[in-house]
1. Please work out the FRET efficiency for the pair Thr134 and Glu293, using the Cβ-Cβ distance as r and a Förster radius of 45 Å; give the result to the nearest 0.05.
2. Between Gln62 and Leu330, how many nm apart are label points set 7 Å from Cα along the C-beta direction?
3. What FRET efficiency comes out for the pair Val262/Thr348, r = Cβ-Cβ distance, R0 = 56 Å, nearest 0.05?
4. Listed highest first by mean packing, meaning other Cβ atoms within 10 Å per residue, what order do 84-91, 314-321 come in?
5. Just the number please: accessible area per residue for the stretch 218-267, 1.4 Å probe, all protein chains included, in Å².
6. Enter the accessible area of Ser204 (Å², nearest 10), with the probe set to 1.4 Å and all protein chains included.
7. Give me the extension gain from Arg372 to Thr175: residue separation times 0.36 nm, minus the current Cα-Cα distance, reported in nm with one decimal.
8. So for Met358, Met279, what's the accessible-area order with a 1.4 Å probe, most first?
Amino acid sequence: TGCRGPGVAWPGSEKPEIPVKLAKSAALLLVLAACAAPAETIDTTDTTAVAPPSSTTTQAAQPVAFAYRYQPDSQLAYRVQVEQEIAIAAEGDTDAIGAGELPLDGQVSTAVETIMSYQAFAGPIDGTTELVITASFEDVSVSGTMNGEPFSPSEDDLGFSSIPPIDATFIVDETGKIISSSLDSLGAMFGGGVESLQGLGQDSLSRPLGPRFPGGDLEVGDTWTNEETIDGPSGPITSRSTHSVIGVEKVDGIDTYVIETVTQADPFEIDLTEIFRAMFQGMMSFEGGDDQEELESVLEQLEFRIAVAPSEATATTWFDASAGQVRRALMATSVTLTMTFRGPDETTGELVGFTMDMSLAQTARFDLESARQTTG
């Protein structure tokens with residue numbers, strides 16, 4: 001709304017309209033796509049080894065079976081507190097964005113608290129569970145600045161003051177392995193499902209709590225690693241998660257195993273130039289002649305690339321092994337990316353563009369409030 005990307009004045013036709021926030025959403029959603037690929041595209045290698053704990057807790061314990069035990073037709077309710085820090089810095093040609101001024105320097109802080117529901121049903125095969133995760137985010141607190149001026153949610157063109165609801169379905173086994181998932185972030189890019197940077201951290205919130213266990217008994221001091229390679233939009237992307245059982249602590253009077261997790265994802269680059277050209281071309285309706293030749297000349301100048309830096313996420317999970325439930329979890333994630341856009345100015349046809357650096361740091365806390373059997 002109110003943003004127009006670069007284009008040219010076309011004879012006998014409306015000028016092409018390319019929403020800048022669509023380009024931003026595309027960048028963010030492709031990052032999410034790297035984390036939300038269907039399970040069959042994942043190649044996972046697990047190793048288990050004993051290592052010293054990275055911190056001390058209240059006591060040690062004997063080896064016990066670590067497994068998730070979701071009861072069919074039951075529901076877990078978690079109180080969730082989420083905080084996000086978003087930074088945007090852009091420089092280049094003001095004409096390239098069609099509205100606003102460059103350079104741009106913005107910082108936005110958001111905070112929200114809600115209840116997240118985990119509904120469990122019998123899975124399609126023995127040893128699996130169908131897990132439906134839902135949550136809505138209301139009364140989002142927003143503050144920040146844009147080019148030194150206070151940020152006003154009422155004037156927000158990127159949707160910072162709202163977070164899309166979560167409604168995701170997973171098939172999981174007792175180790176926490178995701179067999180299949182309803183998430184389709186790449187499809188949402190074209191469906192308009194997310195129009196804000198909030199979506200960058202949404203994927204981690206919607207996934208089942210807790211690490212994937214190696215199977216069998218574990219004890220304090222055990223460490224294991226999951227390595228996942230997924231088919232990203234422009235090739236394979238690898239991430240590695242290292243999990244360590246560091247001790248036992250009481251949560252609400254119940255003994256829980258404390259598990260620390262560090263996940264690191266490799267850097268990767270996404271070239272959206274061809275996709276962007278196809279989108280641009282689809283907006284035009286020329287048929288041969290000089291207009292078609294001019295369109296081809298414009299398409300050759302378009303560029304849209306995204307470079308995602310190495311990213312890291314950390315988590316601490318308090319796992320009740322006797323009940324097979326996560327009673328508490330803390331998560332912190334950070335992602336940075338650089339988007340480069342080049343295209344023709346809408347009036348002069350000269351090449352203009354901008355470079356935008358975006359980062360998001362998110363923290364989330366989950367506390368189990370209730371676990372109950374449902375009816376029906």
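The values are calculated or read from the model by the stated rules, or taken from the named source; none is laboratory data. Since the structure is predicted, the reported quantities are computational estimates derived from the model, not experimental observations. We place every Cβ from the backbone using ideal geometry, glycine too, and count neighbours over all the protein chains shown. Heavy atoms of the whole protein, side chains included, go into the accessibility calculation; ligands, DNA and RNA do not. Shrake-Rupley method; radii C 1.70, N 1.55, O 1.52, S 1.80 Å.
1. With a Förster radius of 45 Å, E is 0.30.
2. Between Gln62 and Leu330, the simple spin-label model gives 3.1 nm.
3. 0.65
4. Answer by packing, highest mean first, reads 314-321, 84-91.
5. Per residue, the stretch 218-267 has an accessible area of 40 Å².
6. 40
7. That pair, Arg372 and Thr175, stretches by 68.8 nm at full extension.
8. The most accessible residue leads, giving Met279, Met358.
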